[in-house]
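The values are calculated or read from the model by the stated rules, or taken from the named source; none is laboratory data. All figures in this text were calculated on a predicted structure; none of them were measured in a lab. All Cβ positions, even for glycine, are placed from backbone atoms using ideal geometry, and neighbour counts span all protein chains on display. These area figures cover heavy atoms from the full protein model, side chains too; ligands, DNA and RNA do not enter into them. Shrake-Rupley method; radii C 1.70, N 1.55, O 1.52, S 1.80 Å.
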Amino acid sequence: MTTTPSLRPGVVQSAVQFLTHPSVRDQPQDKQLAFLFKKGVTPSEAAHAYRAVIASSKQSSEQSSHILNQARAPRGTKVGMTVRDRKHEANESEGKEESSQGVLSTIGRALGSLFVSEEEEEEPEPVGSLSLLELSQFNGIMHERLLVSLELKIYDVTKRWDLYGPGKKYNVFVGNDATYAFATMSTDKASMNIFDKQLGEEQKEILGEWRVKYQKSYKVVGSLDRQGSAKEAKGTKNTEVLPRSKRIDRSVSGSTS
């Protein structure tokens, strides 16, 4: 029995900070979501972040209305404030704004520990040895992590949610051993979890390109249990000749890092 991953309050809060940042808030929503998903924010967490932003926006609107009404009052209504006091308050406010802009000069700084640079990314948690059935749970729905097996090595591709997340172009590989699919440039589900097909020289060369790319771009977090998977594996249909719509475009296959 599987359970829906619980929300991570810290991640939601960081996502809210990202969405409300001046350089981000007016960007198209699809770009905002692509960045959040790339950094491992789940759809549920993103939805909660958007709700929080909307609620905060309504509250800010009410406060702005109140401030505007005060601003319309005749000058000098603030008792006890001299010209010197007002000048000091204005300078202090300007200083705080400049300081804030300095601290939040980049999106990375605004997001804190969630949206760190590639060099500072946390190591994904190892999963050990998994059978195909266990691996299939890591598909972004039953489990928030995205795992792909290549030559029996399990890679964590969660950071590229924009490519491997549910409904995305390469999601078909997630939760599966994609060795044969990569070698044959196939996105057909029947090409997943096939271990005993002989590969031609060209297919071996293509597989080698994917191997190098995965080793360079993603972390190995476990291994596929071949013995346990042999009983579970299905789909032995030969898929070397595939409709064009089911083939991977080699010209864009390099964009999966």
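Quick notes on this structure:
- Normalised contact order of the stretch 118-205, rounded percent, pairs of Cα under 8 Å and 6 or more residues apart: 21 percent
- Taking each residue as 0.36 nm, the span from R8 to S217 lengthens on full extension beyond its C-alpha to C-alpha distance by 72.7 nm.
- Probe 1.4 Å, all protein chains present, accessible-area order of R25, R8, largest first: R25, R8
- Within the shell defined by Cβ-Cβ distances under 14 Å, the residues around R211 carry a net charge of 0, with Lys and Arg each +1 and Asp and Glu each -1.
- Between I154 and V221, G222, S223, L224, the built amide H atoms are under 5 Å apart, and every one of these is 5 or more places off in sequence or on another chain.
- Shown is the FRET efficiency for S44 and K204, computed with R0 = 51 Å from the Cβ-Cβ distance and rounded to the nearest 0.05: 0.80.
- Accessible surface ranking that places the most exposed of D225, D196, D156 first, with a 1.4 angstrom probe: D196, D225, D156
- Under 9 Å, Cβ to Cβ, from W161 - net charge with Lys/Arg +1 and Asp/Glu -1: +4
- Nearest-10 value in Å² for the accessible area of Y180, using the 1.4 Å probe: 10 Å²
- Gain in span if fully extended, D196 to K169, counting 0.36 nm per residue against the direct Cα distance: 7.1 nm
- Taking all protein chains together, I154, I141 sort by accessible area into I141, I154, largest first [probe 1.4 Å].
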